[in-house]
Amino acid sequence: MSHHLVELKDVYFRYPDGTETLKGISLRIVHGEAVGIVGANGAGKSTMLMHMNGYLMPSQGTVIIGDLELNKTSRKEIRKKVGLVFQNPDDQLFMPTVFDDVAFGPLNLGLSQNKVQERVASALETVGCLDLSTKPPHHLSIGQKSAVAIAAVIAMQPDILVMDEPASSLDPKSRRHLINMLKDFKHTKIIASHDLDLILDVCTRCMVLGNGRIMADGLTEDVLSNKDLLEENSLELPLSLQKM
């Protein structure tokens, strides 16, 4: 299924202040893959993810989503294919109520009111927040905001789900709920996280980013059990593997 393809070819990115964050990233992710992205702070994880839906455009190189090359013209269509959950939910929640925030994407897809209501109810139920639909987002806890931000993306039913630190503000019960939801998501998913146990639980493939480059790419169990590799990139073994 070509519309699920994510491909970066020799991508570089430099912020306006001159900081070069991506330094020749090349990768190819195909339909149904569950890919974890790990690395220390500043490794380039968030910057790379934001190229996948056109929030950022490469300074050099090529980004391909499905059969579309990312440019200013194709960016709107690509955002229909790729749902991006930002690290900070406040970057996504801006409407008067939770319902309005989750409905925003489906409405912009041109769906009927009945279909929008179905999508919103299903997405909020998936993240365990159906009872929050009438609440103003700014009254929610950070964990609730994170769950609603995830609901706002999955309500659009994207082909490709991209998540930046999705579990960072969740309590243990909500984290387990998120893991179960991700396991049930059958399309392509790409998750950047410091929670290496979540990556181990959800993703079959894992990449290690370091200083804007891909330092390793392989089976998750192989990558995350390589203590030397992880330590070289300022990471530690997942807690579940430290006990072994």
Checklist entry - For the Cα atoms of the chain, what angle does the longest principal axis make with the long axis of helix 172-184, in degrees from 0 to 90, nearest 10? => result 90 degrees
Next on the checklist: What's the magnitude of the charge dipole for the stretch 109-176 around its Cα centre, counting Lys and Arg as +1 and Asp and Glu as -1 at the beta-carbon? Answer in Debye, nearest 20.
Outcome noted: 140 debye
Item to check | Two-decimal ratio, the stretch 2-242, of alpha-carbon radius of gyration to 2.2 N^0.38 Å | outcome: 0.99
Checklist outcome for this item: Length gained if PHE185 through GLU231 is fully extended, taking 0.36 nm per residue and subtracting the Cα-Cα distance, is 13.4 nm
Checklist entry - Taking Cα atoms of the stretch 1-73, Rg/Rh with Kirkwood Rh, to two decimals? => result 0.96
Checklist entry - Any idea what angle helix 113-126 forms with the longest principal axis of the chain, computed on alpha-carbon atoms, 0 to 90 degrees, nearest 10? => result 50 degrees
Checklist outcome for this item: Any residue on another chain or 5+ positions along whose placed amide H is under 5 Å from the amide H of LEU209 is listed here as VAL38, GLY39, MET215
Next on the checklist: In whole Hz and in residue order, list the ³J(HN,Hα) couplings for the stretch 70-84 that follow from phi through the Karplus curve 6.51 cos²θ - 1.76 cosθ + 1.60, θ = phi - 60°; x for Gly and Pro.
Outcome noted: 5, 8, 5, 7, 8, 4, 5, 5, 5, 5, 6, 8, 10, x, 10
Checklist outcome for this item: Going through LYS23/LYS115; LYS9/LYS115; LYS45/LYS76 one by one, the pairs whose alpha carbons sit over 31 Å apart turn out to be LYS23/LYS115; LYS9/LYS115
Checklist entry - What FRET efficiency comes out for the pair THR204/ARG176, r = Cβ-Cβ distance, R0 = 25 Å, nearest 0.05? => result 0.85
Checklist outcome for this item: Helix 142-154: inclination vs the chain longest Cα principal axis, degrees, rounded to 10, gives 80 degrees
Checklist outcome for this item: Once amide hydrogens are built 1.01 Å from N within the peptide plane, the residues lying 5 or more places from GLY24 or on another chain with amide H under 5 Å from its amide H are VAL11, TYR12, PHE13
Item to check | Charged-residue dipole, Cβ positions (Lys, Arg, Asp, Glu), the chain about Cα centre, Debye nearest 20 | outcome: 520 debye
Checklist outcome for this item: Interchain or sequence-distant (5+) residues whose placed amide H lies within less than 5 Å of the amide H of ILE190 are VAL35, LEU161, VAL162, MET163
Item to check | Residue list for the stretch 45-77, given a label point 7 angstrom along the Cα-to-Cβ vector of LYS115 and an amide N cut-off under 19 Å | outcome: 77
Checklist entry - For the stretch 200-205, what does the Karplus curve 6.51 cos²θ - 1.76 cosθ + 1.60, with θ = phi - 60°, yield as ³J(HN,Hα) per residue in whole Hz, taken in order and with x for Gly and Pro? => result 4, 7, 10, 9, 8, 10
Item to check | Alpha-carbon centroids, the stretch 162-223 and the stretch 82-147: separation in whole Å | outcome: 22 Å
Checklist entry - In the chain, with Lys and Arg counted as +1 and Asp and Glu as -1 at Cβ, which of these residues, LEU235, ASN71, LEU5, has the Cα nearest the positive end of the dipole, that is, farthest along it? => result ASN71
Item to check | DSSP-assigned coil residues among trypsin sites (Lys or Arg not before Pro) in the stretch 114-196, each with at most 15 further Cβ atoms within 10 Å | outcome: LYS186
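Each value in this text was obtained by applying a stated rule to the coordinates, not by laboratory testing. Here the structure is a predicted model, which is why all the values come from computation and not from measurement. Cβ: placed from backbone, ideal geometry, glycine included. Neighbour counts: every protein chain shown.
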